[in-house]
Structures are given as C-alpha cells and as structure tokens.
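Please treat every number below as a calculation from the coordinates, not as lab data. All values reported here derive from a predicted model rather than from experimental measurement. Counting neighbours? That spans all protein chains shown, and the Cβs are built from the backbone with ideal geometry, glycine included.
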Amino acid sequence: MKKNNDRLSGSSAHYTPELLIKNAAREIGFSLVGITDVHPTSRSNSVFDRWVREGRHGDMHYLPRGAEKRHDPARLLDGAKSVICVAANYYTKRGENLNDRAAESGRGMVAIYAQGRDYHEVMRELLRVLERRLKEFFPRFEAVAVVDTEPISERDLAVKSGIAWLGKNTCVISPEYGSWIFLGELITNLSLKNDEPLQSSCGSCTLCVDACPTGALDEAYIIDARKCISYLTIEKRGEIPDRFHRAIGRNVFGCDECQRVCPFNGSAKAIPLPERKQGTSCFPIIVALSGSTPRFPPTRKRRPLEPVVSCARFTT
C-alpha cells in the first residue's frame, strides 16, 4: 500500500476509499485530512454544555442553539456514517510581519486569520470541489459541507480524525502547521475506516496560558470568551469594559498572542492557500477608533473584518 501522501495517478482501482479521499483533498489544496465517525465524544458535549451554563460564551447567544445537532451531527444528513475532516493552513510570515510593524508604528493589529478573504468562503468553495470530485469516485456519495456554520463539535471531530490535538489555548494543533489552520468537514453517507487520534504533545507547557493578556485561559483547555481579546473586539455587543482597554492595546480585530508563543507555531510551515494570499493591510488605529469609515479597495470578495473594523468600541 502506498503512503497517504501519494498523488493520484493512473488507475484508482488499487486505492482504498480512504486513500482516494485523502489524495483528492490534498490535490484540491487542503493541508490535512482525516476520517472519523459521525459521533462526537460525550466529554466534548458535556464540557461545552457546562461552559454555556457558566456563561463563559458571553454575548454569543447563538452558540447554545441546535444542541440536538451538536450531540448528533447525523441529523444534518440522512444516513450519515462518517465525517471527512479537513484543515487548511493560513499562516503567512507576511501577516505576522505586518502586525509587528503595526505595533512599532502605532497602527492597529489584525489577527492573521482575518488578513485575506473570508475563510468561510474559501473553505466552502474547496469543500464543494472535493464533494464533486468524490461523487466521481463514489456514485452514491452524499455529503453536507460544514465550515464553522453548523452547531457541531468541529474541534472534537478534528481530534478524533487524527489531524490535530486540542491545545491548552483551546485551538487545535497539528505537528506540521501548529494551530494556524482552518477546519472544515464533509458529513457523508459513506462508511469509512476511522483514523487514529493524535496524542497531545503539549505536556507541561503553559506558554499559551501565560501569554494571554487578559487571563482568558486561567483554566487550561477552557477559554472564558468574556475575557478573550478576539471575542471582545469581534463578537461582543456594546461597550468593552474599561478593565480590558490596556490589555487589548492595539488589537483592533482579534488576537494571536496565545498562538504566537506556541512552540509548534514557531516551526509551522508557511504554505497558505493561494486563495488566502492577498492579505489586507493593518489600518491606522486612529482611523479605526475615530468612528469614521475607512475606504476598502474594490473587491468582489468579502473580507472578514470589513463590517466591524470601523466600529471599535474602546480607547487606549
């Protein structure tokens, strides 16, 4: 049997269904691909339910909705048996350099994930391509594509599929790409062999926990969104409490601090999807905080920070 990273060539008769799927996903552009069953772990559901009960989701009142799908993703597709989990690397050295220069020059910093086209669009497009490709291999193939828009336990499925493990900052981490990855899933009616989960390599490391400027990671593997800078600058409705102003500093959209310090991100490959390479520059913080609307370059593709970058709600 050839290795999983072999490219498709010639007849596919000698490939297992799992290998066909993985090779097709990589040819399309996904960095990682794994397979698991459609059932999330009971621990994932119980941890999430407790997190919501304790109010750590803040103003994100949409998160508790659809609990029946979160507990049973098979409700999204009749006859669902397996989940094809994919990940795409989004790290660019250019994005990190932009934020370093922004901090030095007094400009606002934008999380690397938001520097480029909206990842929902990019991942959804690639999943559609993969779905069409797999229908050529498996005539009775049916699937539902999911990109952070359905109430399923994406990180739990990613861990079960062996493409990453859960880090103490609640991001999933892969050995090759660290936590700079977007997740997506195809829930399918195919009955496929499950991959083995990865063992966590975090060990006793607490760099991400210690680096959080607001103490949102006081409990490892659990994030208090109400303290998280990404939540405060993107999701929170209303005024940002005064006690967070200094810690937020020049972060106008998201925060990468807990990821920047992760040893696995220090050696991560900078091979992002071509569709994500056109990063957006950081905007002067004085413009973002003034209430005026910055002029975005004409584009047919939406970028994730456009609706909110002119609505920063704090002062430094």
At a 10 angstrom cut-off on C-beta neighbours, averaged per residue, how do the peptides 258-266, 201-209 rank from highest to lowest?
258-266, 201-209
Based on the Cβ-Cβ distance from E68 to D148, what FRET efficiency comes out when R0 is 25 Å, to the nearest 0.05?
0.85
What distance in nm separates the simple spin-label points at R43 and I222, each placed 7 Å from Cα in the Cβ direction?
1.4 nm
Ordering of 127-133, 25-31 by burial proxy (mean other Cβ atoms within 10 Å per residue, highest first):
25-31, 127-133
Would you mind putting 192-199, 223-230 in packing order, based on average other-beta-carbon counts within 10 Å, highest first?
223-230, 192-199
Run the paramagnetic zone check for E27: 7 angstrom along Cα to Cβ, then residues of the range 112-133 with backbone nitrogen under 13 Å.
130-133
Between the modelled labels at D59 and R132 (7 Å from Cα along Cα→Cβ) the distance in nm is 4.0 nm
R140 paired with S204, simple spin-label distance in nm, labels 7 Å along Cα-to-beta-carbon
5.4 nm
